[in-house]
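Readers should treat all values here as calculations from the given coordinates under stated rules, not as data from a laboratory. Being a predicted model, the structure only gives us computed values, none of them experimental.
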Amino acid sequence: MAMNIVVVANFDSMSAEAAKIVYGQIMRKPNSVLGLATGSTPLGVYKLLVEYHNRGMDFSRVTTFNLDEYVGLGPDHPQSYRRYMHEHLFSKVNINPERTFIPNGLAEDLEAECRRYDELIRQAGGIDLQILGIGTNGHIGFNEPGTEFGSTTHVVDLAESTIRDNARFFESIDQVPTRAISMGIKSIMQAKEIILMASGGSKADAIYAAVHGPVTTAVPASVLQLHPSVTLVVDQAAASKL
């Protein structure tokens, strides 16, 4: 299955294109189940979704599942993904907080938390539309190179490159958690539709490998070549090697 590749000028156009897809999904199915990502890539999308909401878009029946959360960070920690989602989206739209799911990074039994999370997704009927970014090493969610394609939600040890990439959000690299709970590759691939976004030249190699490289666990995003409905929204810098 060839991916649907949309190349746009810059970060803002990438955000607008992806937000339009999310908007269309919620308009078609008001009780959509969305898979959400964090980091800098989707920030523009969330900003636009808030604008759509301010113009009347209804989130009251939407359910969301985030891809991941750091192990050891509680929901109120400034760098937790629960806090990120609250600040950038949840607090600004009429979504029911009880329909927003993020792994519990403080769970005493992390393995049980992973199983619980997969079961919650199953009970919700699966994910209709999954938003993904991509790491410079080709990771999706926190599924680092080498992650089995059959993986469901699991605890991951973050790669050095990922810890370095995320250090900018913390006061020092020593504060970056070294582990996270992440939806697995199988969990992601079960979404009915996927949007993969990338912006900037630093992502060009990963995007090339994801689209044209062999399907290999060395580049987790390459598995998306096997998904029936993926839209890749990339700016010119990220698409420069395609």
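Comparing GLU171, GLU144, GLU87 in a Gaussian network model of the chain, where Cα atoms under 10 Å apart are tied by springs, the biggest mean-square fluctuation is seen for GLU171.
Annotation: amide H-H contacts under 5 Å for LEU232 (H modelled 1.01 Å from N, sequence separation of 5 or more, or interchain): ASN4, ILE5, VAL6, LEU196.
With Cα atoms defining each centre, the stretch 8-36 and the stretch 133-170 are spaced 23 Å apart in the structure. For the options LEU129, LEU110, LEU196, a Gaussian network treatment of the chain with springs between C-alpha atoms closer than 10 Å singles out LEU110 as fluctuating the most. Please work out whether the stretch 200-242 counts as rounded, prolate or oblate from its C-alpha gyration tensor, where a ≥ b ≥ c are the square roots of the eigenvalues and a/c under 1.5 means rounded, while otherwise a/b larger than b/c means prolate and anything else oblate? Oblate shape, in that a/c is at least 1.5 and b/c is the bigger or equal ratio. So which of LYS20/LYS186; LYS29/LYS192; LYS29/LYS203 end up more than 22 Å apart by C-alpha? LYS20/LYS186; LYS29/LYS203, as the Cα separations exceed 22 Å there.
In this structure the amide hydrogen of ARG179, modeled in the peptide plane, comes within under 5 Å of the amide hydrogens of VAL71, LEU158, none closer than 5 places in sequence on its chain. With helices as the sole contributors, the chain gives -9000 deg cm²/dmol at 222 nm; each DSSP H run of n ≥ 4 counts as -39500 (n - 2.57), and the sum is divided by every residue. Helices of the chain meeting both criteria, an alpha-carbon length of 18 angstrom or more along the long axis and an average Kyte-Doolittle score not below -0.5, with helices taken as full DSSP H segments, are 11-28.
Over the chain, what relative contact order in percent results from Cα pairs under 8 Å that are six or more residues apart? Present the calculation step by step, with values, prior to reporting the outcome.
Values: 503 pairs, mean separation 63.4, N = 242.
Here the relative contact order equals 26 percent.
The candidate values were [x] 1.10; [y] 0.93; [z] 0.98; the one computed from these coordinates for Cα Rg over 2.2 N^0.38 Å carries the label [y].
Tally the DSSP beta bridges in the chain and give the antiparallel ones as a percent, rounded to 5. Roughly 25 percent of the beta bridges in the chain run antiparallel, per DSSP.
Note on the chain: with a GNM built from Cα contacts shorter than 10 Å, the maximum mean-square fluctuation among GLU113, GLU98, GLU51 falls on GLU98.
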